[in-house]
Amino acid sequence: MLITLLELEREPVRFDLDLDPGAIDYGDLATQISALGVHGLAEILREHRGPKEVIADIRIRASWSGVFEAPCARCLEPVSHPLGGEFDLLYRPLGADAGPTERSLFAPDTEIGYYQGEGLVLEDVLREQVLLTLPARSLCRTDCKGLCPRCGRNLNSESCTCQTAPADERWTALSDLRSRLSQEPHSGKD
């Protein structure tokens, strides 16, 4: 859904959508498995920068929810994540903050996005919100065994006959030290 400045000049745009799976591409990071419900409001905020310069910012306030799958970090099996949230975002025309000199960024400046051309695509905003809400690391279960590094089998559902790699000789000294420490009698003083 393209939210255009022309529409917003007339009046704020209200939206109440159910986006089907596949409507937004999340790349390899997530797959949408239910409708993505979103409802909210888009409006223009005019920022006056002197007597003749007015910047048309687009403000979008919305709430959203849906169910997504992300690959398990160990075995790559899909893990379901019911996600949702609310956002209140401000988008400024691309190049509106460009100036002849460099300037410092302050915290409010980092919360502003930019749009290009005649408006803003709502699906792009939603993609960003979903990806920011996904857990950094998904696990199908806490004791997931992962994949065999040699044959690639999922060790949660099947075993493999691969031999474990031989120990690295550089760890031998540390292993010997651990053996000696475990054999020493405990003095009882701590």
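Between the amide H of L29 and any residue lying 5 or more places away or on another chain, no distance stays under 5 Å, with hydrogens modeled in the peptide plane. A cut-off under 15 angstrom between Cβ atoms defines the neighbours of G85, and their net charge, with Lys, Arg +1 and Asp, Glu -1, is -1. Recomputing volume of the Cα convex hull per residue in Å³ from the coordinates shown identifies the correct label among (i) 132; (ii) 112; (iii) 273 as (iii). Helix 122-133 sits at what angle to the longest principal axis of the chain, using alpha carbons and giving 0 to 90 degrees rounded to 10? Approximately 30 degrees, to the nearest 10. Only helical runs count toward this figure. For the chain, summing -39,500 (n - 2.57) over DSSP H runs of n ≥ 4 and dividing by all residues gives -4500 deg cm²/dmol at 222 nm. For the chain, DSSP calls about 90 percent of its internal beta bridges antiparallel. Charge tally around G66: other residues with Cβ under 13 Å, Lys/Arg +1 each, Asp/Glu -1 each, net -3. Once the Cα atoms are used to define both axes, helix 172-183 deviates from the longest principal axis of the chain by about 60 degrees. Mean separation of Cα pairs under 8 Å and 6 or more residues apart, divided by the residue count, gives segment 1-104 a relative contact order of 22 percent.
Since every read-out is calculated from the coordinates, none of them should be taken as a lab result. Computed from a predicted model, the values in this text were never measured in an experiment. So basically every Cβ, Gly included, is an ideal-geometry build from the backbone, and we count neighbours across all protein chains shown.
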